[in-house]
Amino acid sequence: DTAVSQTPKYLVTQMGNDKSIKCEQNLGHDTMYWYKQDSKKFLKIMFSYNNKELIINETVPNRFSPKSPDKAHLNLHINSLELGDSAVYFCASSQDISGGRYEQFFGPGTRLTVL
Amino acid sequence: AQTVTQSQPEMSVQEAETVTLSCTYDTSESDYYLFWYKQPPSRQMILVIRQEAYKQQNATENRFSVNFQKAAKSFSLKISDSQLGDAAMYFCAYDSGGSNYKLTFGKGTLLTVNP
């Protein structure tokens, strides 16, 4: 059973379009995250949610809007896509928001390519 | 802000040999957590090892061990008896241990294992 799953795994789209990436975890965790990995492999946190509540928003452009319909799901919607949004987006989850005590489990990533 | 520095963009090792990957970090906290994550070509992020700063004993996981030097803010990863499957990008990561769990990553070290 996949612990953290993301759909789609690959996404190719035109500049200006709106797209969504979905994430689901079946670990019963309270906290979920979105990370962005750029073309140089640098990973940076974007958002975290704890029990459907936004906890961290790391100065991400407001074209990015996360939505957590329930504890097991955290989706990422991106409006008006730009070339610079091309990256791999990782979803992750952890047991709770308490720092470092628990492992963060990562999804397989979604490679977004904006043409 | 906390920063994590991996000064070796690339390393190589012969199969069955030992290699050490370096990581330094900057923080004013006294309690925090440090991690090494592995990202093979499959793109999946896999936790290799975790260290709690208040523990003086260095963490070990089978062939993987760390050298944690708190005063020097250094956290190196030693891989013994290197195997072909160890070839991957390795990321050092930090979490402050506070109430907002987020990982701050270094830029990664690409490890090649030569047969």
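Observations, loosely collected:
- Qualifying residue in segment B:22-29 (condition: touching a Leu at 6+ places or on another chain (Cβ under 9 Å), touching a residue at least 60 places away in the same chain (Cβ under 8 Å) and outside any loop (DSSP other than H, G, I, E, B)): yes
- Residues located in segment A:8-32, provided they are at the interface with chain B (Cβ under 10 Å from one of its Cβ atoms) and part of a strand (DSSP E or B): A:31
- Test result for residue B:37, within 13 Å of chain A (Cβ to nearest Cβ) and part of a loop (DSSP other than H, G, I, E, B): no
- Here the condition is being among the aliphatic types (A, V, I, L, M), within 28 Å of residue B:4 (Cβ to Cβ) and surrounded by fewer than 15 Cβ atoms within 10 Å (Cβ to Cβ); of A:83, A:112, A:43, it holds for A:83 alone.
- Applying the condition of being surrounded by fewer than 20 Cβ atoms within 10 Å (Cβ to Cβ) and either within 14 Å of another protein chain (Cβ to nearest Cβ) or within 11 Å of the chain's Cα centre (by Cα) (or both) to segment B:69-88 and asking which residue is farthest from residue B:40 (Cα to Cα) yields B:74.
- Residues that are within 7 Å of chain B (Cβ to nearest Cβ) number at least 3 in the following strands (runs of 3 or more DSSP E) confined to segment A:33-107: A:43-50, A:87-94.
- Failed item in (1) within 12 Å of chain A (Cβ to nearest Cβ); (2) in contact with a strand residue (DSSP E or B) (Cβ under 8 Å, 6 or more places away or on another chain); (3) under 21 Å from residue A:98 (Cα atoms), with residue B:44 passing the rest: (3)
- When restricted to residues that are part of a loop (DSSP other than H, G, I, E, B) and at pLDDT below 95, segment B:102-114 contains 2.
- Test: residue in segment B:102-112 that is away from chain A (no Cβ under 12 Å) and either within 21 Å of residue A:102 (Cα to Cα) or touching a helix residue (DSSP H, G or I) at 6+ places or on another chain (Cβ under 9 Å) (or both): yes
- The set of residues in segment A:33-75 being in contact with a Ser or Thr (Cβ under 7 Å, 6 or more places away or on another chain), at pLDDT 95 or above and among the hydrophobic types (A, V, I, L, M, F, W, C) consists of A:74 alone.
The values are calculated or read from the model by the stated rules, or taken from the named source; none is laboratory data. Bear in mind that the values here come from a model prediction, so they are computed numbers and not experimental data. When we count neighbours, we look across all protein chains shown, and the Cβ atoms used for this are built from the backbone with ideal geometry, even at glycine.
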